Every structure is written in structure tokens, then in C-alpha cells.
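Novice: First, the structure itself, so that you have it in front of you.
We did not get these values from a lab; they are worked out from the coordinates using the rules stated. Please read these numbers as outputs of a predicted model, since none were measured by experiment. Neighbour counts are summed over all protein chains in view; Cβ atoms, including those assigned to glycine, are modelled from backbone coordinates with ideal geometry.
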């Protein structure tokens with residue numbers, strides 16, 4: 001399986017999906033328009049898709065990996081996860097809590113804390129790891145699940161994964 005997202009000619013995530021998003025693409029100061037994700041060679045036996053978007057470069061800044069997006073139970077026949085699915089087609093997936101839901105930020109708006117929130121690197125350009133999972137069955141997750149719940153349920157169901165690193169500018 002292979003995945004890709006659109007990048008600028010300089011190799012960065014476009015502004016629409018990140019720190020420099022226009023006000024119309026933000027909620028509460030957070031960029032919330034999720035990028036389209038192209039999928040290729042999804043295994044035929046896939047019954048469900050899931051994804052994570054994590055910022056490991058946040059560890060030196062905040063002490064932990066920053067979760068930007070958790071989504072599960074996407075249709076297995078998708079060849080593109082549509083742009084802004086996180087906000088406009090939320091009924092087509094189950095989304096988990098990102099790091100804004102934790103005690104550090106304590107964001108209470110589910111349009112922010114249970115959806116995509118784009119990169120906003122504070123100190124330098126960051127590398128974001130997008131992983132898409134091909135799964136044997138949908139996961140028994142409710143909206144607002146935590147990453148640890150996803151990991152426990154997904155692990156035995158994983159057929160394969162695809163990863164890409166997305167660069168976002170400071």
C-alpha cells in the first residue's frame with residue numbers, strides 16, 4: 001500500500017492544511033481542513049481503513065508526541081480520502097481525540113479536539129508521520145476515542161500500513 005498528500009514545490013504541506021491557513025479554514029485559531037490523502041495498492045482483503053497523524057518533533061518541545069489526527073472505520077474502497085473529510089464528512093469515519101483534548105491544552109470543542117488539527121510547529125520545521133492502516137475489520141471505537149484505545153484494537157487487525165513524512169514550516 002502507498003499513500004501521498006499534496007505538497008508545495010518546496011516539499012511542504014500547503015498552507016491551507018497547516019499553520020498559515022486562512023481564517024476561513026480555522027476554528028479557534030487551529031487549522032482544521034484536512035488534506036486529501038491518495039491511496040494506492042490497498043490490499044483486496046481490507047475491510048476498513050484507519051489513520052494517524054503524529055508529530056514526533058514535538059517531543060523536545062512538549063515532552064510527548066503530539067497527536068494531530070486519529071480516524072478509523074473509513075471505507076476500504078477509497079482511493080482518496082477527500083480533503084476536509086474531518087469536518088465536512090465526519091459521518092464517514094470515527095475520529096479520536098487529538099492532543100488538544102489533553103490536560104495541557106484542555107480544548108473542549110469537539111470540532112477541534114476530535115478532528116484534524118493541522119501542523120503549527122512552534123520552534124522549527126517539523127516532520128509529521130502520517131500512517132494509514134489497512135485492517136481486517138472495523139474497530140469498535142466511539143467518537144472521541146483515545147490513541148491507546150486505537151492501538152489496542154488495531155494491532156491484531158492490521159494487514160499492512162503505509163507511512164509518509166510530511167514537512168510543515170515554522
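Novice: At what distance in nm do the modelled label points of residue 140 and residue 65 sit from each other, each positioned 7 Å from its Cα along Cα→Cβ?
Specialist: 2.5 nm
Novice: Now for a separate question. Would you mind telling me which residue in 123, 38, 55 has the biggest mean-square fluctuation in a Gaussian network model of the chain, where springs connect alpha carbons within a distance under 10 angstrom?
Specialist: 123
Novice: What shape does the stretch 66-170 take by its C-alpha gyration tensor, where a ≥ b ≥ c are the square roots of the eigenvalues and a/c under 1.5 counts as rounded, a/b above b/c as prolate, and the rest as oblate?
Specialist: Taking the square roots of the gyration eigenvalues as a ≥ b ≥ c, the stretch 66-170 is prolate.
Novice: Now, a different point. Pop the C-beta distance of residue 158 and residue 106 into the FRET formula with R0 = 41 Å and round what comes out to the nearest 0.05.
Specialist: On the way: r = 32 Å, r/R0 = 0.77.
Once rounded, the FRET efficiency stands at 0.80.
Novice: Right, something else. Please report the relative contact order for the chain, taking Cα pairs under 8 Å with a sequence separation of at least 6, and give it as a percent rounded to a whole number.
Specialist: Values: 399 pairs, mean separation 48.2, N = 170.
Here the relative contact order equals 28 percent.
Novice: With the crude spin-label approximation of a point 7 Å out along Cα→Cβ, what separation in nm comes out for residue 151 versus residue 80?
Specialist: Those two pseudo-labels are separated by 3.3 nm.
Novice: OK, next. Running a GNM on the chain with Cα contacts under 10 Å, which residue among 32, 132, 59 ends up with the highest mean-square fluctuation?
Specialist: 59
Novice: Could you work out how much longer the chain between residue 125 and residue 26 gets when fully extended? Use 0.36 nm per residue separation minus the Cα distance between them, nm to one decimal. Present the calculation step by step, with values, prior to reporting the outcome.
Specialist: Values: separation 99, 0.36 × 99 = 35.64 nm, distance 2.02 nm.
Result for the pair: 33.6 nm of gain on full extension.
Novice: Taking 30 Å as R0, compute the FRET efficiency from the Cβ-Cβ separation of residue 56 and residue 91 and round it to 0.05.
Specialist: It comes to 0.45.
Novice: Follow-up question, since we're still on this one. Over the stretch 97-155, what is the relative contact order in percent, taking alpha-carbon pairs closer than 8 angstrom and at least six residues apart? Mind dumping the intermediate values first?
Specialist: Working: 34 pairs, mean separation 18.7, N = 59.
Relative contact order here is 32 percent.
Novice: While we're looking at this one, here's another question. Please work out the C-alpha center-to-center distance from the stretch 67-84 to the stretch 149-170 and express it in whole Å.
Specialist: Measuring centre to centre over Cα atoms gives 11 Å.
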